[in-house]
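Colleague: Okay, here's the structure, questions in a sec.
The values are calculated or read from the model by the stated rules, or taken from the named source; none is laboratory data. This one's a predicted model, so the numbers in the text were calculated from it and none came from an experiment. Here the Cβ positions follow ideal geometry from the backbone for every residue, glycine too, while neighbour counts run over all protein chains shown.
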Amino acid sequence: MNRKQGFTLIELMLVMVILGILVAIGTVAFTSSMKKGRDTTRKGNLRAITNALELYYNDNGRYPADISGGIKGCNGGVGLTPTPAPSPCPANSAFKDANGTLYMAQLPTDPVASQVYYYRSPSISQFQIYARLENTQDPAIMIIPAPPSGPDCGGTCNWGMSSANISP
């Protein structure tokens with residue numbers, strides 16, 4: 001008897017199902033790691049902005065003012081201005097004071113275009129800055145009481161930093 005060698009339909013289907021499961025697991029792991037990477041970028045950006053704000057405070061004796069309870073602008077940037085102004089700063093602008101002292105050559109923007117960092121300064125000696133983390137399993141996620149104007153980071157803000165004399 002001559003038997004043709006090859007795979008049966010069942011064997012081929014089984015291999016395809018196993019490959020499909022592996023691809024699905026890989027996709028979920030990849031998506032999760034991308035979210036964690038963007039969250040790490042957000043945290044680093046806010047730390048850098050916080051350091052610049054502290055330097056600004058040391059030089060000027062106050063934190064930059066916010067506009068109407070918080071600037072959501074600069075096309076994803078925090079939108080700091082050294083003095084109150086009628087509109088937020090342009091995208092990727094430098095953060096400097098009225099004397100021209102440069103604190104950040106370029107304000108960082110959120111890695112996702114539809115999300116922004118939210119800055120507010122309730123008084124000249126306080127600031128709060130918020131972001132929205134994508135990884136909902138991150139232990140750093142916090143419940144942030146909404147400021148009067150209600151922070152909007154492209155969704156509900158769930159992570160923040162602040163000056164030492166106020167909580168995020």
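For (1) in contact with an Asp or Glu (Cβ under 8 Å, 6 or more places away or on another chain); (2) in a loop (DSSP other than H, G, I, E, B), each residue gets a yes or a no:
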position	(1), (2)
Tyr103	yes, no
Gln106	no, yes
Pro111	no, yes
Ser114	no, yes
Arg120	yes, no
Leu133	yes, yes
Ile144	no, yes
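Colleague: Is it true that Ser114 is among the small types (Gly, Ala, Ser) and modelled with pLDDT of 85 or more?
Modeller: No: the conditions fail for Ser114.
Let's see how each residue does on (1) over 13 Å from the mean Cα position of the chain (by Cα); (2) at pLDDT 90 or above:
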{"residue": "Ile21", "(1), (2)": "yes, yes"}
{"residue": "Phe30", "(1), (2)": "yes, yes"}
{"residue": "Thr40", "(1), (2)": "no, yes"}
{"residue": "Asn45", "(1), (2)": "no, yes"}
{"residue": "Asn51", "(1), (2)": "yes, yes"}
{"residue": "Tyr56", "(1), (2)": "yes, no"}
{"residue": "Ile71", "(1), (2)": "yes, no"}
{"residue": "Ser93", "(1), (2)": "yes, no"}
{"residue": "Gly100", "(1), (2)": "yes, no"}
